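Written below as structure tokens is the structure these notes are about.
The values are calculated or read from the model by the stated rules, or taken from the named source; none is laboratory data. Because the structure is predicted, anything quoted here is derived from the model rather than measured. Neighbour counts are summed over all protein chains in view; Cβ atoms, including those assigned to glycine, are modelled from backbone coordinates with ideal geometry.
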Amino acid sequence: MTPQQSDAAHAPLLAQPARRLDRPAVASSELQSAAPPVAAPNPSLAKRYPARVSGPVVPHELGWGRRLLAWGIYGLIKLTATTLRCRLEIDPAFGQAARGPVVFIVWHNRLPLCLIAYRLLLQVRGRPHQLAAMVSASQDGAVVARILELFGAQPVRGSTSRRGPQALLELTTWAERDYDLALTPDGPRGPCYVVQPGPILLARLTGLPIIPVSYSLSWKIRLNTWDRFQVPLPGSRFHIKVGAPVWVPRNSPDEQMESLRAQLQEQLRSLTED
């Protein structure tokens, strides 16, 4: 598919009001039956996500102040999105995987507009809005989780430092329900633009292809954070790039997984323009 300007075509979609996604109710007994037994954890997950504490890790809940903050950020994203000049560039190989659920990855510093990009991709794919995304179990992650809910997505709390194995197993249950999955491969603490093992492990568990996505902005503010977080400005050119799918065989040995991780990192970096 060749790149094309889509200001007029995408404006109605970006201006749509938020809607809550009718998610399947998952009882604790159902989740336990759908996910691999907790008593026998996957050795690969345990190796790459070592336990930091004893006992279960409970994600931070959201107080009223942070709820207001989440609503404010959500409103600003929606308002800014209506002013963007959008361009969508898709690798031709994406069509092989576009009809089914996939694992999307996007750099941590490009979180603000990732759900806007997802909505635009849904137009191309013709799939329903069904997305489950991994979000940090920290206090800041609670704000991001609420924003995801406002956009109609399902947050799954966890990261490399907190609830990593549990979050990956929860994501597999959403994949079984035909949901797309998403995570930031370099989050939540970096290093910036370095893909961690999480996406490769998730793809091996689910059998879904990994789709690297990045975007560039002509007007933005870059914060003084570990990832140089990008805040979009109104009226910016919003150039979205979607890469070719990366498949991870379920029986991949560790050596092959590291090779695929490096391949995925190289491809995502090639899509990224700062």
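The sole residue among Leu88, Leu120 that is among the aliphatic types (A, V, I, L, M), assigned to a strand (DSSP E or B) and in contact (Cβ under 8 Å) with a residue 24 or more places away in the chain is Leu88. Residue-level analysis places Ala132 outside the set of residues that are in contact with a Ser or Thr (Cβ under 7 Å, 6 or more places away or on another chain), among the hydrophobic types (A, V, I, L, M, F, W, C) and either modelled with pLDDT under 95 or not in a loop (DSSP other than H, G, I, E, B) (or both). Do the conditions hold for Ala81, that is, is it modelled with pLDDT under 95 and not β-branched (Val, Ile, Thr)? Criteria not met by Ala81. Residues Gln256, Gln267: which one is over 18 Å from Ile105 (Cβ atoms) and out of contact with any helix residue (DSSP H, G or I) (no Cβ under 9 Å at 6 or more places or on another chain)? When all the criteria are applied, what remains is Gln256. Quick check on segment 57-73. Is at least one of its residues assigned to a loop (DSSP other than H, G, I, E, B), touching a Leu at 6+ places or on another chain (Cβ under 6 Å), of a type outside the set (A, V, I, L, M) and in contact (Cβ under 8 Å) with a residue 60 or more places away in the chain? The answer is no; no qualifying residue exists. Among the residues of segment 148-158, not a single one is closer than 18 Å to Ala97 by Cα and polar (S, T, N, Q). Is one or more of the residues making up segment 213-222 without any contact (Cβ under 8 Å) to a residue 40 or more places away in the chain, over 30 Å from Leu76 (Cα atoms) and surrounded by fewer than 19 Cβ atoms within 10 Å (Cβ to Cβ)? No, the conditions are met nowhere in segment 213-222. Residues that are part of a loop (DSSP other than H, G, I, E, B), under 16 Å from Leu113 (Cα atoms) and not aromatic (Phe, Trp, Tyr) within segment 147-184 comprise Gly152, Ala153, Thr184, listed in sequence order.
Residue check: is Arg189 within 29 Å of Trp247 (Cα to Cα), basic (Lys, Arg) and either in contact with a helix residue (DSSP H, G or I) (Cβ under 8 Å, 6 or more places away or on another chain) or at pLDDT 95 or above (or both)? Considered against the rule, which asks whether it is within 29 Å of Trp247 (Cα to Cα), basic (Lys, Arg) and either in contact with a helix residue (DSSP H, G or I) (Cβ under 8 Å, 6 or more places away or on another chain) or at pLDDT 95 or above (or both), Arg189 comes out as no.
Restricting attention to segment 56-80, the residues that are closer than 24 Å to Pro185 by Cα and within 20 Å of the chain's Cα centre (by Cα) add up to 6.
Just checking, does segment 204-217 include any residue being under 22 Å from Leu69 (Cβ atoms), out of contact with any Cys (no Cβ under 6 Å at 6 or more places or on another chain) and β-branched (Val, Ile, Thr)? Checked against the condition, which is being under 22 Å from Leu69 (Cβ atoms), out of contact with any Cys (no Cβ under 6 Å at 6 or more places or on another chain) and β-branched (Val, Ile, Thr), segment 204-217 yields no hits at all.
Of all residue pairs spaced 6 or more apart or on separate chains, those with beta-carbon atoms under 7 Å, a first member in segment 242-270 that is closer than 30 Å to Cys86 by Cα and a second member that is among the aromatic types (Phe, Trp, Tyr) and surrounded by fewer than 19 Cβ atoms within 10 Å (Cβ to Cβ) are Arg269/Tyr193. Close Cβ contacts (under 6 Å, 6 or more residues apart or on different chains) running from residues in segment 94-113 that are at negative phi to residues that are assigned to a loop (DSSP other than H, G, I, E, B) and small (Gly, Ala, Ser) comprise His108/Gly187.
For segment 79-114, filtering for residues that are touching a helix residue (DSSP H, G or I) at 6+ places or on another chain (Cβ under 8 Å), of a type in the set (A, V, I, L, M, F, W, C) and within 22 Å of Ala175 (Cα to Cα) leaves 7.
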